[in-house]
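The values are calculated or read from the model by the stated rules, or taken from the named source; none is laboratory data. Computed from a predicted structure; not experimentally measured. Here the Cβ positions follow ideal geometry from the backbone for every residue, glycine too, while neighbour counts run over all protein chains shown. Surface accessibility is based on the protein's heavy atoms, side chains included, excluding ligands, DNA and RNA. Shrake-Rupley method; radii C 1.70, N 1.55, O 1.52, S 1.80 Å.
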Amino acid sequence: MSSIELTPSQKTILQELINLHRESESAVKGEDIAEQVDRNPGTIRNQMQSLKALQLVEGVPGPKGGYKPTANAYDALKIQEMDQAADVPFRHDGELIESANVQEIDLTSVHHPELCRAEIKLQGSIADFSEGDDITVGPTPLSRLLIAGTIEGKDDTNNSLILTIDKMEAPAGNEEAAH
C-alpha cells in the first residue's frame with residue numbers, strides 16, 4: 001500500500017480509535033472518540049467519512065455499531081499489530097498500568113548528560129498522563145533496560161510521551177542480560 005498523508009487531526013482520531021478498539025475489542029462509538037480527543041462528535045463523524053474513503057476505517061451499523069480500524073489504519077500509523085507483544089512493564093506514578101503497552105522507546109538526546117530525554121510510544125491511550133507525572137518503563141525483555149523519568153510533554157499525534165530521564169540502567173537489577 002502506498003503511503004497515505006494524514007492530517008494531524010486524522011492521525012489523532014485514528015490513533016484513539018485504535019486505542020479504544022484494542023480495549024473493547026468491539027466497534028467504537030464516535031462519541032467515545034470525541035470525548036477522548038476533546039472534539040465535537042459531529043467533527044468525528046465528518047473525519048470518519050474521509051477515513052472510510054481512505055479505507056482506514058469501517059463503519060459498523062446498528063445499536064452496538066460504531067467504527068473499527070482496518071489493517072490499513074495500522075499501516076498508515078506505522079503500528080505493528082502483534083498477537084503476542086512482549087510485555088514491558090509501564091508504571092505511572094508508581095502504579096502498574098495494565099492497559100498500556102510500550103511499543104517503542106526512542107532515546108532522543110543521550111549526548112547531553114543533564115538533559116537526557118526519551119520518547120515512549122504507547123499502545124493504549126495517553127489521555128490520563130500529564131506533565132510532571134513520574135513514569136517507569138521496563139525492564140525490557142531482551143536488554144533488561146529500565147528507564148525512570150518525568151513527563152515533559154505529550155505527542156497526541158504519535159501517541160507518545162516525552163520523558164526527562166532521571167535514571168536509566170541496563171541490565172536492570174542484578175540479573176544478567178540475555179543476548
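What to note about this one:
- With θ taken as phi - 60° and the Karplus curve 6.51 cos²θ - 1.76 cosθ + 1.60 applied, the whole-hertz 3J(HN,Hα) list for the range 123-130 is 9, x, 6, 9, 4, 8, 9, 9 Hz, x standing for glycine and proline.
- Per residue convex hull volume, Cα atoms of the chain, in Å³: 140 Å³
- For the chain, a simple Cβ point-charge model (Lys and Arg +1, Asp and Glu -1, everything else neutral) yields a dipole of about 760 debye relative to the Cα centre.
- Helix-derived mean residue ellipticity, 222 nm - over the chain, DSSP H n ≥ 4, -39500 (n - 2.57), to 500: -7500 deg cm²/dmol
- Carbon + sulfur, % of accessible area of the chain - ligands and nucleic acids excluded, 1.4 Å: 46 percent
- Solvent-accessible area per residue in the chain equals 57 Å², computed with a 1.4 angstrom probe and all protein chains kept.
- Projected onto planes of every orientation and averaged, the convex hull of the alpha-carbon atoms in the range 15-106 covers 7.2 nm².
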